[in-house]
1. Mind checking the angle between helix 537-554 and the chain's longest principal axis? C-alpha axes, 0 to 90 degrees, to the nearest 10.
2. Nearest 5 percent is fine: what portion of the DSSP beta bridges confined to the range 290-428 is antiparallel?
3. Looking at the square roots a ≥ b ≥ c of the eigenvalues of the Cα gyration tensor of the range 415-565, which shape do they give, rounded for a/c under 1.5, prolate if a/b is larger than b/c, or oblate?
4. Could you work out how far the C-alpha centroid of the range 143-176 sits from that of the range 66-139, in angstrom?
5. Of the beta bridges DSSP finds with both residues in the chain, what % are antiparallel, to the nearest 5?
6. Please name which of Met371, Val354, Tyr340 has its Cα lying farthest along the dipole of the range 332-385 towards the positive end, using unit charges on Cβ (Lys, Arg +1; Asp, Glu -1) and the Cα centre as origin.
7. Quick check: the angle from helix 478-495's long axis to the longest principal axis of the chain, C-alpha only, nearest 10 degrees?
8. Can you give me the distance in nm between label points at Lys27 and Ser568, each placed 7 Å from the Cα along the Cα-to-Cβ direction?
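The values are calculated or read from the model by the stated rules, or taken from the named source; none is laboratory data. Because the structure is a prediction, the values reported are computed rather than measured. Please note: Cβ atoms are built from the backbone with ideal geometry, for glycine as well, and neighbour counts cover all protein chains shown. Accessible surface is based on the protein model in full, side chains and every heavy atom, while ligands, DNA and RNA are left aside. Shrake-Rupley method; radii C 1.70, N 1.55, O 1.52, S 1.80 Å.
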Amino acid sequence: MILDKFKEQFAQTVAAAFCGAYPDIAKATGDHGPFSASDVLKGIEKPKDPKMGSIAFPIFKYLSVLKSKPDVVTRTVAEAANKALGANGSRPALTLTSASGYINASIDPLAVSQRTLTEVLTQKNHFADSSIGEGKINLVEYSSPNIAKTFGVGHLRTTIIGNSLRRIYKKLGYQVIGINYPGDWGTQFGKMIVAFRKWGSEETFKNKAVFNLIDLYVKFHAEAEKDESLNEEARVAFKQLEDGDPEVTALWERMKEVSFEEWDRVYAILGVEFDLMYGESFLNDKMEAVIERLTRVGLTSISRGALIVDLKDPQLPPALLKRQDGATLYITRDLAGLIYRWEKYRFHESLYVVGVSQSDHFKQALKVIAMLEEAENLPASERMTGKVKHVDFGWVKFGEKTMSTRQGNIIFLEDVLNQAIELARTKIREKNPDLKQFDEVSRMIGVGAVIFSQLSVRRQKDVNFDWDEVLSFEGETGPYLQYTHARLCSLERVYGKPITADVDFELLDREEERIVIESLAEFGDVILDAARNYDPWYISTYLLRLSSAFNKFYQRKDASGRIDKIISDNADLSAARMALVQSVRIVINEGLHLLGLRAPDEM
Ligand code: ARG
């Protein structure tokens, strides 16, 4: 986005230079000549060879109206533009050259430093904010755990990716609705109810109730293996729930309540937020309308007593809307939910951050919607097809040795987080026993380590979770970034003077500094990449790149082999370097925030 400003300057200068150099053509083809500043802007490319600078503008498209040899035109325009850029006597930010049909420009590194650092230091955490999302609504659904089942690591990744996407879209100016859609409906609740009647008691709802409920559920399955009639009982119980039986409903409400209690604890530890929460049951009274709509256009049919939509796709099984006994399904509720969200929000995009294991489910649901919109012949503006996206992600794998599992192979997220915090405490105690906010910082680091572990690989790849790696203060980890941030803060404390952008940028003239500054200038584009690819990974790798560039600058040695100190007797040099230090600190802080991590000032 920093580059964008230079591109704009380039476009304006080139358009003006052309009109000046070829007034006759300009007149004959309209006020701006054959190309206006906005045309030039659109035509800008990235030069194939970096030696050609940062901007390339091909003019072939305009040959028919130019009435002159392309090379003559590019040379004439480049020369005129350079003259205009240097007219006020100051050092121009852009230098234009011409080469076989292209006008190229390189940007003066000094101009890049000046613009980048001034923007960061004045805009602070609003640096790289954008307005591309203005007036648009983006929905992001994430987390969505299931009632009476505990929050496992499977739900960790969706929670963390979704929370980060919510922050990223906000930064880009979208109105974002982060949605939590818990699984609170389905035939399994019939089983839960029967299990509670048989083996539960008031005790079940005391002391980590969710775990007691899971035990009941497991017991139900074991017993149903031996006694088939339990399943029939469960079916009846679910029917009672569907019919609104007060006693059964009250029991179900209590199960919901204790589940929410557990999740809220986990969300609080993670620092995760939502704007809207409704469970599957919220859609119960909205399914019939969807089924009617599908039936009206002839998309439903009966197959072996069940109501289905044939998706006319050899890759996809039919979508099952109602079972033979009339029970609706997970997909029936999702269809109602898709329509509910579209009607309520008319979103720009609606994302479902859900594991790859559900990709067929989402393909089916989106195919049903596409078929419906087609059959109803809706105008393009009334269709959500193309705006809804299943943002899938790979599995989380744990090394065998490390996890405490209470039962089976379920790993409890709260345990993972507490274990991470405990490990962080041990590490920090070793490194910095006198740390003032020891507890608070340990939490930031432990939780940050877990969060970062989920975002430091591309979304669609599996994550291998290894405690030693995740909590390492070196290498590609959250704690490493948090540590870099704390170190930058400590430099500012040592410096102790106000830091401003009113410095001599020419003093930041070495290779190490140039790389750090270029990296800072990239931040806005990196955020856009993350948004376009629905993947915070772009930001996590960027922060690692930026930190490593900064650490090279920080550890640079001078000619005599001594560390070239950032703060020295040379006041101007120190001020310029500290402007860079603070800029890096601001961007790392904001980057970590976008990922969902907190950045300690000291650790
Ligand atoms: N509750 C589901 C699960 O834990 C995830 C829900 C995903 N979202 C949706 N709209 N289907 O597997």
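1. Taking the Cα atoms of the chain, the angle to 537-554 is about 50 degrees.
2. Antiparallel: roughly 70 percent of the beta bridges in the range 290-428.
3. oblate
4. Result: 38 Å between the Cα centres.
5. Here the antiparallel bridges make up roughly 55 percent for the chain.
6. About the Cα centre, the residue reaching furthest to the positive side is Val354.
7. Long axis of 478-495 versus the principal axis of the chain: about 50 degrees.
8. 6.0 nm
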